[in-house]
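One structure is given here, and the rest of the page talks about it.
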Amino acid sequence: MMNIPIPTGTFDILPEDPKELWRSSYLWEYLEKEIRAFVQCYGFEEIRTPIFERTELFARGVGDTTDIVSKEMYTFEDRGGRSLSLRPEGTASVIRAFVEKRLDLVQSLHRLFYIGPMFRYERPQAGRFRQHHQLGIEVIGIARPELDAELIEMNYALYERLGIENLTVYVNSLGDGESRVRFREALKDYLRGHFEALSEDSKLRFEKNPLRIFDSKDERDKEVLRGAPTILQYLSADCEAHFLAVRRMLDHLKVPYAVNACLVRGLDYYTKTVFEITSGELGAQNTVGGGGRYDGLIKELGGPDLPAIGFATGLERIIQTMLKQKEIVPERRRPHVYVIALGDSASLMASSLVKELRMQGVIALQDMNGKKVKQAMQLASTSRAQYAIVIGENELQKGMCEIKELDSGTVIEKALSEVVSFFMGGKKCI
Ligand code: HAM
């Protein structure tokens, strides 16, 4: 029979994948635990939304002329004839939930986070997948620039906490509606003179959404853009003051950053501050995280006129960066004990012992192979347990057992009644 392969651009996360260590679940568990503890310190609470939504949410929220929506969505019709899409990102869903559940009536300020898979039909390459995973952060209800700086600091601090170095923070301002209308015109005036030199994609973008030309990876477009005006020259006074305040706060918080006037990000909802953090450890796909303010999105999706800002970071890219900086990688967890019983009554005793050990938080396995002690010991080693406990019929009669530290081979005898307290609290040394 033919094997059925995994879909292109996706991957399995195994307990341990020695060839591709980043696909080992113990690393993912570690990262998710660290993230949860970290975001709690910043006062964030979790929100979980469906992994699919009505297609129009992303068309309207993210923008139907963005690559993400026009080229990369997994869109399908359900049996009721509705057009649905796997979420390509999390912000639109969070805002949909916020508007639908009238969370504005519950309280005026919201700090929400989510962790989960996102889906984009992209050309797979190192660091770019069709199913990737994000931590996303969204704050609703505050327009002040201090918050923009707080979130940029937070994203940077998350990487620092995970031991990641060699990062660059890029910031830019995309202004408000008024700034962008003026910039759009200036940009189009400039591009008109270079129209023929643009890529085919960008010729299309020219009318529909000329700012998106800044997203282009095409060398022809990059060359044309070198002489283009930048949004920073067209900021309204209010947006300029906002951007200055963000940068001052970043200086105060000692976040190293560079202004990149060409940074537009691939989603249409942004206003004012946008940012990205790149890692020198990754290849072409070197953006670990990014985000920005999106003050108009809630209203656009039918809610009240409230400001909001957020960012997201790819978990694959975090783990891959961590692995490039080896000393910070956690170790895979090992079972504490592997209990081997010889004979029926010893087996019964072992079952109760394993149950009791687990109740006390000890990771305990019971040998179920009914083989000779030598083979059982080999299985104990393969299980990577730290200790084997052997209960034979004779020992059982005396109420004793043998505990063997598998790494060193040291063996001691212990009363069965003392085993649980011996292992409580995890690691022990004989
Ligand atoms: P984004 O920049 O499109 O932003 O994605 C955030 C992060 O997800 C990227 O920096 C990258 O680490 C990771 N990522 C994106 N696409 C892929 C992929 N195909 N393979 C692997 N990793 C990927 C957003 O999605 C916005 N919703 C962020 C945001 C939240 N803005 C405001 N609030």
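The values are calculated or read from the model by the stated rules, or taken from the named source; none is laboratory data. Keep in mind that what you see is a predicted model, and the values were worked out from it rather than measured. Here the Cβ positions follow ideal geometry from the backbone for every residue, glycine too, while neighbour counts run over all protein chains shown. Just the protein is used for accessible areas: all its heavy atoms, side chains included, with ligands, DNA and RNA removed. Shrake-Rupley method; radii C 1.70, N 1.55, O 1.52, S 1.80 Å.
Which of (1) surrounded by fewer than 19 Cβ atoms within 10 Å (Cβ to Cβ); (2) at pLDDT 95 or above; (3) not charged (D, E, K, R) is the odd one out, the single condition residue 343 does not satisfy?
(2)
Please pick out the residue among 357, 348, 306 that is surrounded by 20 or more Cβ atoms within 10 Å (Cβ to Cβ) and not assigned by TED's automatic domain parsing to the domain that holds residue 103.
Every option except 357 fails the conditions.
List the pairs whose first member sits in segment 86-97 and is under 14 Å from residue 135 (Cβ atoms), whose second member is more than 9 Å from the ligand (Cβ to nearest atom), and whose Cβ atoms are under 7 Å apart, counting only residues at least 6 apart or on separate chains?
90/114; 94/47; 94/49; 94/112; 94/114
Looking for something closer than 23 Å to residue 284 by Cα, open to solvent by 50 Å² or more (accessible area, probe 1.4 Å) and not in a helix (DSSP H, G or I) - is there at least one such residue anywhere in segment 190-213?
no
Step by step: first the residues of segment 267-286, then only those that are of a type outside the set (A, V, I, L, M, F, W, C) and surrounded by fewer than 18 Cβ atoms within 10 Å (Cβ to Cβ), then the one that is farthest from the ligand (Cβ to nearest atom). Which residue is that? Let's see the steps before the verdict.
Residues of segment 267-286 that are of a type outside the set (A, V, I, L, M, F, W, C), as a first pass: 268-273, 276, 278-281, 283, 285-286.
Then keep just the ones that are surrounded by fewer than 18 Cβ atoms within 10 Å (Cβ to Cβ); that gives 280, 283, 286.
Numbers: 280: 15, 283: 12, 286: 9 Å.
Per the stated criteria, the residue is 280.
Can you tell me which residues in segment 214-237 are small (Gly, Ala, Ser), open to solvent by less than 20 Å² (accessible area, probe 1.4 Å) and out of contact with any Gly (no Cβ under 9 Å at 6 or more places or on another chain)? Give the derivation first.
Here is the first cut: in segment 214-237, the residues small (Gly, Ala, Ser) are 216, 227-228, 236-237.
Those still in the list that are open to solvent by less than 20 Å² (accessible area, probe 1.4 Å) too: 216, 228, 236.
216, 228, listed by residue number.
Have a look at 391, 403 and point out the one that is at pLDDT 95 or above and touching a Lys or Arg at 6+ places or on another chain (Cβ under 9 Å). Don't jump to the end; show me each part of the working.
On the way: 391 fails: touching a Lys or Arg at 6+ places or on another chain (Cβ under 9 Å).
Answer to the selection: 403.
Return yes when residue 257 is modelled with pLDDT of 95 or more, over 30 Å from residue 379 (Cα atoms) and outside the structural domain of residue 131 (by TED's automatic domain parsing) and no when it is not. Talk me through it step by step, then tell me what you get.
Numbers: modelled with pLDDT of 95 or more: yes; over 30 Å from residue 379 (Cα atoms): yes; outside the structural domain of residue 131 (by TED's automatic domain parsing): yes.
For residue 257, the condition - modelled with pLDDT of 95 or more, over 30 Å from residue 379 (Cα atoms) and outside the structural domain of residue 131 (by TED's automatic domain parsing) - is met.
Would you mind telling me which numbered condition in (1) free of Cβ contacts under 8 Å to residues at least 60 places away in the same chain; (2) open to solvent by 50 Å² or more (accessible area, probe 1.4 Å) residue 256 fails?
The failed condition is (1).
Checking the structure you have, find out if any residue of segment 24-45 is in a strand (DSSP E or B), surrounded by 19 or more Cβ atoms within 10 Å (Cβ to Cβ) and modelled with pLDDT of 95 or more.
Quick first cut of segment 24-45, residues in a strand (DSSP E or B) only: 24, 45.
After this cut, where a residue has to be surrounded by 19 or more Cβ atoms within 10 Å (Cβ to Cβ) as well, the list is 24.
Cutting the leftovers down to modelled with pLDDT of 95 or more gives us 24.
Yes: segment 24-45 contains one or more residues that are in a strand (DSSP E or B), surrounded by 19 or more Cβ atoms within 10 Å (Cβ to Cβ) and modelled with pLDDT of 95 or more.
Could you tell me whether any residue of segment 382-397 is open to solvent by 60 Å² or more (accessible area, probe 1.4 Å), of a type outside the set (S, T, N, Q) and either within 30 Å of residue 117 (Cα to Cα) or in contact with a Ser or Thr (Cβ under 9 Å, 6 or more places away or on another chain) (or both)?
Here is the first cut: in segment 382-397, the ones open to solvent by 60 Å² or more (accessible area, probe 1.4 Å) are 382, 384, 393-394, 397.
Filter once more, keeping what is of a type outside the set (S, T, N, Q): 384, 393.
From the residues that got through so far, the ones that are either within 30 Å of residue 117 (Cα to Cα) or in contact with a Ser or Thr (Cβ under 9 Å, 6 or more places away or on another chain) (or both) too are 393.
Looking for residues that are open to solvent by 60 Å² or more (accessible area, probe 1.4 Å), of a type outside the set (S, T, N, Q) and either within 30 Å of residue 117 (Cα to Cα) or in contact with a Ser or Thr (Cβ under 9 Å, 6 or more places away or on another chain) (or both), one finds at least one in segment 382-397, hence yes.
Name the single residue that is farthest from the ligand (Cβ to nearest atom) among those in segment 118-139 being of a type in the set (D, E, K, R) and open to solvent by 30 Å² or more (accessible area, probe 1.4 Å). First the steps, then the outcome.
Here is the first cut: in segment 118-139, the ones of a type in the set (D, E, K, R) are 120, 122-123, 128, 130, 138.
From the residues that got through so far, the ones that are open to solvent by 30 Å² or more (accessible area, probe 1.4 Å) too are 120, 122-123, 128, 130.
Numbers: 120: 5, 122: 5, 123: 9, 128: 4, 130: 7 Å.
Among those that are of a type in the set (D, E, K, R) and open to solvent by 30 Å² or more (accessible area, probe 1.4 Å), it is 123.
When the residues of segment 59-105 are narrowed to those that are in a helix (DSSP H, G or I) and either over 27 Å from residue 211 (Cβ atoms) or acidic (Asp, Glu) (or both), which ends up nearest to the ligand (Cβ to nearest atom)? Outline the logic, then answer.
Our first condition is that a residue be in a helix (DSSP H, G or I); within segment 59-105, this holds for 59-63, 67-71, 91-100, 103-105.
Right, trim to either over 27 Å from residue 211 (Cβ atoms) or acidic (Asp, Glu) (or both) and you get 67, 97, 100, 103-105.
On the way: 67: 10, 97: 14, 100: 18, 103: 16, 104: 18, 105: 23 Å.
My answer is 67.
Does residue 353 meet the test of being at pLDDT 95 or above, farther than 24 Å from residue 332 by Cα and not hydroxyl-bearing (Ser, Thr, Tyr)? So that I can check it myself, show each step before the final result.
Working: at pLDDT 95 or above: yes; farther than 24 Å from residue 332 by Cα: yes; not hydroxyl-bearing (Ser, Thr, Tyr): yes.
For residue 353, the condition - at pLDDT 95 or above, farther than 24 Å from residue 332 by Cα and not hydroxyl-bearing (Ser, Thr, Tyr) - is met.
Kindly check whether there is at least one residue in segment 141-161 that is near the ligand (Cβ under 9 Å from one of its atoms) and among the polar types (S, T, N, Q).
Checked segment 141-161: no residue is near the ligand (Cβ under 9 Å from one of its atoms) and among the polar types (S, T, N, Q).
I'd like to check something: does segment 213-231 contain any residue that is of a type in the set (A, V, I, L, M), closer than 16 Å to residue 173 by Cβ and more than 16 Å from the ligand (Cβ to nearest atom)?
Quick first cut of segment 213-231, residues of a type in the set (A, V, I, L, M) only: 213, 224-225, 228, 231.
Next, only the ones that are closer than 16 Å to residue 173 by Cβ stay: 231.
Next cut, more than 16 Å from the ligand (Cβ to nearest atom) only: 231.
Yes, the conditions are met somewhere in segment 213-231.
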